[in-house]
Amino acid sequence: MPYKEAETVKLFYPIGEVARMFKVNTSLIRFWEKEFDIIKPKKNKKGNRLFTQDDVDNFYLIYHLVKERGHTLEGAKKKLRENLSGTTSSVEMVKSLNKVRDFLLELKKEL
């Protein structure tokens, strides 16, 4: 049986890396951190923000609601406050559908 190296999982992401994930400025990440109480980054001794995977997942929820669905910040806050689990499941469904779409587009290229 061949050796398979375990995939490394990051515990913390710096703000620049999170901004690149969503193709936004770091100032928008800092703004969302102040606006939404579900984002709670750790800070190191220098004061740099270090985001956990949960924070990144929450950023994805916020990004989906504000940038993709067109909600206002207040509307996104209300949606997250009232129905976090429903919002999370719909975002997971969108992620799954995007993966299927990407797979089908890749398959179409190969044909």
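What follows is calculated from the coordinates using simple rules that are stated; it is not laboratory data. Computed from a prediction, not measured in an experiment: that's the story for all the values here. So basically every Cβ, Gly included, is an ideal-geometry build from the backbone, and we count neighbours across all protein chains shown.
Each peptide in 41-53, 22-34 was scored by the mean count of other Cβ atoms within 10 Å over its residues; highest first, the order is 22-34, 41-53. The C-alpha atoms of the range 62-111 occupy a region whose extents along the principal axes are 46, 19, 9 Å, arranged from largest to smallest. Computed 3J(HN,Hα) for the range 26-33, one whole-Hz value per residue from the Karplus formula 6.51 cos²θ - 1.76 cosθ + 1.60 where θ = phi - 60°, is 5, 5, 5, 5, 5, 5, 4, 4, glycine and proline marked x.
Ignoring solvent entirely, what values of log10 I(q)/I(0) come out of the Debye formula for the chain at 0.14, 0.15, 0.16, 0.20 Å⁻¹ when each Cα is a single scatterer? Result of the Debye calculation: -0.70, -0.77, -0.85, -1.12. Among 67-73, 103-109, 15-21, the peptide with the highest mean count of other Cβ atoms within 10 Å heads the list, and the full ranking is 15-21, 67-73, 103-109. In this calculation the C-beta distance from Glu17 to Lys95 is compared with R0 = 22 Å, giving a FRET efficiency of 0.70. Tell me the relative contact order for the range 13-110 as a rounded percent, counting alpha carbon contacts under 8 Å between residues six or more apart. The value is 20 percent.
Counting helices only, and only those DSSP H runs with n ≥ 4, report the 222 nm mean residue ellipticity of the chain as the sum of -39,500 (n - 2.57) divided by its residues, in deg cm²/dmol to the nearest 500.
Details: 5 runs with 66 residues, N = 111.
-19000 deg cm²/dmol, from helical runs alone.
Karplus-based coupling profile of the range 19-25, in residue order and whole Hz: 4, 5, 4, 9, 6, 10, 6, with θ = phi - 60° in 6.51 cos²θ - 1.76 cosθ + 1.60 and x standing for Gly or Pro.
FRET efficiency for the pair Lys40 and Arg69, taken as 1/(1 + (r/R0)^6) with r the Cβ-Cβ distance and R0 = 22 Å, rounds to 0.40.
Placing a pseudo-label 7 Å from each Cα along the Cα-to-Cβ vector at Thr88 and Thr26 gives an inter-label distance of 3.0 nm.
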